[in-house]
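As C-alpha cells, the structure follows; a few thoughts come after it.
The values are calculated or read from the model by the stated rules, or taken from the named source; none is laboratory data. These figures come from a predicted structure and were not determined experimentally. As a convention, Cβ positions derive from the backbone with ideal geometry for all residues, glycine included, and neighbour counts pool all protein chains shown. Side chains are part of the model used for accessible areas, which takes the heavy atoms of the whole protein and leaves out ligands, DNA and RNA. Shrake-Rupley method; radii C 1.70, N 1.55, O 1.52, S 1.80 Å.
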Amino acid sequence: MAYFSRSAIPAVAMTLAASVTLAACTSEDQPPPRKPAAVGLAVAGVDDMTLGLLVSSTSDRGEGSDYTGPSAGAELASYRLRLGGTKVKLVVVDDRGSADKAASGMQELIDSGVSGIVAATSGTHVMPALKVASEASVPVIAPYLRTTDALPDGIFVTGPSEAAIVAGLNQAMAADEVTVPIVLAADDVPVPSVGTGPARQLTGSGLDDLVEGIAKEVEDAKADSIVISASAASQAAAVAALQGAVPEVPVYLTPEAGTPTFATSLRNGTGTPAGRFVSVGSQAFDSSTLDSSPEADSAAAYFAALRLGSADESFTSSLDDSPFAGVAGAADLPSHDAVLALVRAAAKAKSAEPAKVGAALDGLKIGVTASLAGPGLDFSSSYALPQDAVLPLYATTQDPGVRPADSTPVLTWFGLPDDGQ
C-alpha cells in the first residue's frame, strides 16, 4: 500500500523545500531572476471604494466562527492596496453565527453603500443573507462556504466545490489503495459522496461507542479507511479518538481541517497534531512559497506584507480596532484574494457601483499576474476555483517560517508533486 507513515509527511515537506534550494544553487541553465512580486498593490481605475466583510466571531460548530481568524487576510489585502495607493476601505459586520443577524448585517452593509461583500463565514445560517445581497444586486464572494444548495445570482464561492472535494478525496484514497471508507459527519456540514454506506453522525456522548464499532469493522476487514466531514473542532475530536483506537487506518478530512481551529483543538485536547493528516483543497497555505514559480513569488509577497503589517503599529483590525499583529497569525490567502477579485472587477467596470461591479465580476478570470496570493480564479461559474486546482493536502508540524515570528502555525498543509503519491 502506498501509505505515508506519521514521520514521512514532514520529511516530504523538507524535501520539497530542499529541492527548491538545490535547484536555485546548482542549475547552470536557470533563467534570470524574476522581479519580486510587489508588497504594495496598485489597481488602475480604482480610486476609492468600500467593501463589506461578514464574519462570525462566535457560532455553533459548523456556522463560521472557525474562519474569523483567517478572514484577516481580507484586511491585509486592503492594507496592501493602500500601500500601493489604491484606497479600499473594509466595513465589518459580525453576525455571531445567527441567520437573522447575518441577513440584517448583510442589509446593513448594502445600505452603507459597499461595492461588494466578502462573506468570510460558512454554514446554513448564511444562506438567507446571500439571498438578501443577490436581490439587491450586490456581489458576494464566499471563500469558505460549503453548501449543496444552489447559489443565488451574483454569489461566488472561491473554495472547492463539492464535486472537487469528492474528486480530491478519491484521489487521496486511490494513492493509499483504500476503497471501503466509513464516512462520519456532523454539524450540518455537507457529506462527500464517497464510499457506499450512509454517513454516520458524530455525537459527543456516543463518540466512544462509535469509534469502538469502527475499530471492530476495521479488524473484521469490513472497512479500510475513514472520511470525516464536520466542523474543525468535531473533526479534531473524532481524530483524537481514532488515533488511540485505529492508529494505522488512513483518515481523510474535509477542508474545515485547514483552519487553525483543527490544529489547536487537537493540541489542546486528547489528540496530537503530530499524526498523519490528509485533507483536500487548493495550494493556498504557507507552503505555497516553497518553489520557484510565479505563483510562489506572489504568495511570498503576501507573507512579506503580512510580516510588514504585523509590525506596523498604525495598522489596526477593522473588526475591533486592535493591532493587526494580534490576528496576523491566522490570516489566510483565500480571504485576501476575495478582496482583490472584487477590486479587479471594479477596475474592469470602471465603477464602484455594486451592480456594475457584479456584472464585471461575472465571467472574470484572474491569475497570478493580478497579484492573487493563491491559485487563479475563474468567475464564469458560481464556483470560481478551477477543479484542477483542488488536490489532496498533507499536513506537517514543520514551519516554513513565512509568518511573523510570534505566530508559528501548529500545522502547515501542502500538496505533493504528481510523482510523490
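A single entry from V88, V12, V39 fulfils the requirement of being modelled with pLDDT of 95 or more, of a type in the set (V, I, T) and within 25 Å of A284 (Cα to Cα): V88. Among the conditions (1) part of a helix (DSSP H, G or I); (2) buried (at least 21 other Cβ atoms within 10 Å of the Cβ), A300 misses just one, which is (2). Filtering the range 97-119 to residues that are polar (S, T, N, Q) and within 10 Å of L51 (Cα to Cα) leaves S112, S115.
Just one of (1) without any contact (Cβ under 8 Å) to a residue 40 or more places away in the chain; (2) out of contact with any Asp or Glu (no Cβ under 6 Å at 6 or more places or on another chain) fails for S134. It is (2).
Looking at the range 274-288, which of its residues are open to solvent by less than 30 Å² (accessible area, probe 1.4 Å) and either under 12 Å from W413 (Cα atoms) or among the β-branched types (V, I, T) (or both)?
Residues of the range 274-288 open to solvent by less than 30 Å² (accessible area, probe 1.4 Å): 275-282, 284, 286-288.
Within the range 274-288, R276, F277, V278, S279, V280, G281, S282, A284, D286, S287, S288 meet the criteria.
The set of residues in the range 396-415 being more than 14 Å from the chain's Cα centre (by Cα) and outside any loop (DSSP other than H, G, I, E, B) consists of T396 alone.
Screening P190 with (1) surrounded by fewer than 20 Cβ atoms within 10 Å (Cβ to Cβ); (2) modelled with pLDDT of 95 or more; (3) more than 20 Å from the chain's Cα centre (by Cα); (4) over 20 Å from Y394 (Cα atoms) gives one miss only, at (3). Residues in the range 219-235 that are under 23 Å from T179 (Cα atoms) and of a type in the set (A, V, I, L, M): A221, A223, I226, V227, I228, A230. Residue under question is L253, and the condition is that it be modelled with pLDDT under 95 and open to solvent by less than 10 Å² (accessible area, probe 1.4 Å); does it hold? In short, no. Would you check if P198 is part of a loop (DSSP other than H, G, I, E, B), of a type outside the set (A, V, I, L, M, F, W, C) and buried (at least 18 other Cβ atoms within 10 Å of the Cβ)? It is false that P198 is part of a loop (DSSP other than H, G, I, E, B), of a type outside the set (A, V, I, L, M, F, W, C) and buried (at least 18 other Cβ atoms within 10 Å of the Cβ).
Go through the residues of the range 158-174 one by one and say whether even a single one is in a loop (DSSP other than H, G, I, E, B), over 21 Å from L342 (Cβ atoms) and either open to solvent by 10 Å² or more (accessible area, probe 1.4 Å) or among the acidic types (D, E) (or both). Please lay out each step first, then the result.
The initial filter retains those residues of the range 158-174 that are in a loop (DSSP other than H, G, I, E, B), namely 158-161.
After this cut, where a residue has to be over 21 Å from L342 (Cβ atoms) as well, the list is none.
No: zero hits.
Restricting attention to the range 225-233, does a residue exist that is assigned to a loop (DSSP other than H, G, I, E, B), open to solvent by 40 Å² or more (accessible area, probe 1.4 Å) and either closer than 28 Å to A37 by Cβ or hydroxyl-bearing (S, T, Y) (or both)? Looking through the range 225-233, none of the residues is assigned to a loop (DSSP other than H, G, I, E, B), open to solvent by 40 Å² or more (accessible area, probe 1.4 Å) and either closer than 28 Å to A37 by Cβ or hydroxyl-bearing (S, T, Y) (or both). Can you work out which of the residues in the range 234-243 that are open to solvent by less than 20 Å² (accessible area, probe 1.4 Å) and out of contact with any Lys or Arg (no Cβ under 6 Å at 6 or more places or on another chain) is nearest to E212 (Cα to Cα)? My answer is L242.
Just one of the listed residues (A102, A136, A150) is open to solvent by less than 20 Å² (accessible area, probe 1.4 Å) and over 17 Å from the mean Cα position of the chain (by Cα), namely A102.
The residue that is farthest from the chain's Cα centre (by Cα), among those in the range 357-391 that are assigned to a helix (DSSP H, G or I) and β-branched (V, I, T), is V357.
Filter the range 324-343 down to the residues that are among the charged types (D, E, K, R) and surrounded by fewer than 24 Cβ atoms within 10 Å (Cβ to Cβ) and list them by number. Write out each step before concluding.
We begin by selecting, within the range 324-343, every residue among the charged types (D, E, K, R); these are 332, 337.
Matches in the range 324-343: none.
Let's see how each residue does on (1) open to solvent by less than 50 Å² (accessible area, probe 1.4 Å); (2) over 19 Å from E108 (Cα atoms):
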residue: L41; (1), (2): yes, yes
residue: G52; (1), (2): yes, no
residue: D60; (1), (2): no, yes
residue: R80; (1), (2): yes, yes
residue: V92; (1), (2): yes, no
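Residue pairs whose Cβ atoms lie under 8 Å apart, separated by 6 or more positions or on different chains, with the first residue in the range 194-220 and under 17 Å from A230 (Cα atoms) and the second assigned to a strand (DSSP E or B) and open to solvent by 70 Å² or more (accessible area, probe 1.4 Å), are L210/R200.
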